[in-house]
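Throughout, read-outs are computed from the coordinates displayed, never taken from laboratory work. From a predicted model like this one, the values you see are computed outputs, not experimental measurements. All Cβ positions, even for glycine, are placed from backbone atoms using ideal geometry, and neighbour counts span all protein chains on display.
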Amino acid sequence: MGLKLYNTMGRELQEFVPINPNQVSIYACGPTVYNFAHIGNLRTYVFEDILKRTLEYLGFKVKHMMNITDVGHLTDDADSGEDKMEKSARETGKTVWEIAEFYTEAFFKDTKSLNIIYADVISKATDNIQEMIELIQRLEEKGYIYIAGGNVYFSIDKFPDYGKLALLDRQKLHAGARIEVDSNKKNPYDFVLWFTKSKFENQTMIWDSPWGRGYPGWHIECSAMAIKYLGEHFDIHCGGIDHINVHHTNEIAQTEAATGKKWVNYWLHAEFLVLNKEKMAKSAGNFLTLAELVKRGYDPLDYRYFCLTGHYRSQLQFSWESLDSSRNARLNIIEKVKSCYEEAGKKTVGKASELSDYAQKLIFNFRDSLEDDLNCPKALAVVWTMLKDSKVSAIEKVFLAIEFDKVLGLSLWEEVNRESNISIDDEVSNLIKEREEARKNRDFKQADVLRDKLKDLGIELKDTPDGTVWKKL
């Protein structure tokens with residue numbers, strides 16, 4: 001049917017048509033490296049990874065750019081509060097540069113363990129200060145800025161389309177709005193492009209500029225860096241839904257004011273991961289890191305699978321029970337593919353054209369799910385249908401699992417081969433079979449005895465709705 005994506009700009013599903021045929025440019029808002037990314041943050045990066053993998057699976061060449069915010073992001077998106085980097089440095093006794101380096105490394109460790117493919121271009125805000133200054137100068141030349149209290153502001157009243165992404169009512173964007181008052185602003189929704197020392201005392205990260213020694217606002221960095229690496233008009237801009245009302249709205253205003261033309265064709269936003277029915281947030285203190293999941297015995301890919309169970313535009317409710325279910329499902333897929341691989345004599349089909357017509361239809365169904373606005377739950381359903389379908393041969397199932405995993409990113413081939421290399425002796429193998437028979441005969445007492453015996457031999461069993469899986473302790 002062709003790829004359709006939900007464009008926040010217009011609030012509708014739209015057919016995806018790239019600016020340049022077979023080539024796609026993507027900008028993704030990267031991390032603010034003042035603390036560990038929480039699993040809610042990481043859900044957005046999993047979504048962006050699925051987007052990139054899907055585009056490549058569909059035959060597009062992708063140029064993916066991501067920034068690293070290591071300066072200029074305040075504790076409130078609307079220019080209030082203090083710089084998050086400075087705040088973290090003060091609380092830990094480290095320099096802002098040490099904070100940025102430490103949390104940048106931690107972020108990429110997390111994304112690597114989640115099988116998130118690195119962006120083609122990754123750049124730090126602090127490496128692009130000159131580009132930000134030049135963009136502000138373009139806005140100054142066109143009359144979009146004013147200087148007050150030492151800071152450089154963008155005037156939203158000069159840009160008629162302000163708020164079009166967030167569907168903001170311009171009649172309400174004036175004095176009296178419920179945001180922190182900045183007496184320097186002509187309109188409370190005006191935003192800072194460049195701060196000087198007048199904003200905070202003893203700021204560490206500061207640079208020379210035509211408006212005084214200072215540092216950039218958060219919004220200007222994404223515009224400047226996207227233009228530098230992707231050009232003044234590109235295909236897709238991604239982020240979380242919390243970026244719509246302020247950050248992305250301001251990005252659009254300053255960029256299109258400077259260039260005089262449309263900036264981005266498709267805006268894609270991921271919904272929140274919720275914990276106890278509340279948005280997961282560092283500021284609220286109700287967040288979990290990937291490292292904490294690992295400490296509890298989960299594989300990072302258990303969390304990736306969990307993310308795949310919800311559509312990126314729907315809130316996803318986190319619970320330990322749901323993560324357990326995802327772990328069991330992932331292990332079951334591995335076990336089933338491993339079993340098929342053994343049955344097929346450790347062989348697989350060479351290419352899709354060698355599959356039966358029925359198996360090829362499953363590829364079509366999988367692709368159709370992805371083209372439906374990256375519908376991962378529907379795509380997972382295709383995987384499970386395929387693995388349970390007796391009309392698909394074992395050798396075909398192995399091929400299809402590997403094929404589908406190009407997008408799902410669960411390392412199925414690596415896991416199957418890793419598991420295949422773990423040998424168990426005949427005694428253990430027979431005990432596992434005995435216990436399975438006991439369960440089938442509803443002799444649960446004997447099944448428990450055999451489970452304990454296997455545990456003493458270093459084998460852990462997990463009973464799931466789709467069967468029993470084992471692993472070495």
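Principal-axis analysis of the Cα atoms of the chain puts helix 444-456 at an angle of about 70° to the longest axis.
In terms of distances greater than 23 angstrom between alpha carbons, the cross-link table entries LYS338/LYS391; LYS109/LYS406; LYS388/LYS455; LYS158/LYS228; LYS391/LYS433 yield LYS388/LYS455; LYS158/LYS228; LYS391/LYS433. For the chain, the residue among SER369, ASN250, LEU114 whose Cα projects farthest onto the positive side of the dipole built from Cβ charges is SER369.
Normalised radius of gyration (Cα atoms, divided by 2.2 N^0.38 Å) for the chain: 1.13.
Principal-axis analysis of the Cα atoms of the chain puts helix 426-440 at an angle of about 90° to the longest axis.
Helix 394-408 and the longest principal axis of the Cα set of the chain meet at an angle near 10°. When you filter the trypsin sites (Lys or Arg not before Pro) in the stretch 361-444 for DSSP loop state and at most 13 other Cβ atoms inside 10 Å of their Cβ, you are left with LYS391, ARG442. Toward the positive end of the charge dipole of the chain, with +1 on the Cβ of Lys and Arg and -1 on the Cβ of Asp and Glu, the farthest Cα among ALA401, SER209, ALA100 is that of ALA401. Given R0 = 30 Å, the distance between the Cβ atoms of HIS233 and ILE117 translates into a calculated FRET efficiency of 0.75.
Here the convex hull built on the C-alpha positions of the stretch 101-148 has a volume of 131 cubic angstrom per residue. Per residue, the average separation of C-alpha pairs within less than 8 Å and at least 6 apart gives the chain a relative contact order of 16 percent.
Seen from all directions on average, the stretch 273-368 presents a Cα convex hull projection of 8.7 nm². Once the chain from ASP463 to LYS295 is taken as fully extended at 0.36 nm per residue, the excess over their C-alpha distance is 58.3 nm. The antiparallel fraction among DSSP beta bridges confined to the chain stands at about 50%.
Spin-label model, TRP207/TRP97: points 7 Å from Cα along the beta carbon direction are separated by 1.5 nm.
Simple spin-label estimate for GLU105 and ASN20 gives 3.6 nm between the two label positions (7 Å along the Cα-to-Cβ direction from each Cα). Rounded to 0.05, the FRET efficiency of the SER353 and ARG418 pair, given R0 = 35 Å and the Cβ-Cβ distance, is 0.75. Using just its DSSP H runs of length 4 or more, each adding -39500 (n - 2.57), the chain gives a mean residue ellipticity at 222 nm of -13500 deg cm²/dmol after division by all residues. Just how many % of Cα pairs in the stretch 219-280 lie over 16 Å apart, if you round to the nearest whole percent? More than 16 Å apart: 47 percent of the Cα pairs in the stretch 219-280. Between GLN130 and SER314, the modelled labels are 4.9 nm apart [label points 7 Å from Cα along Cα→Cβ].
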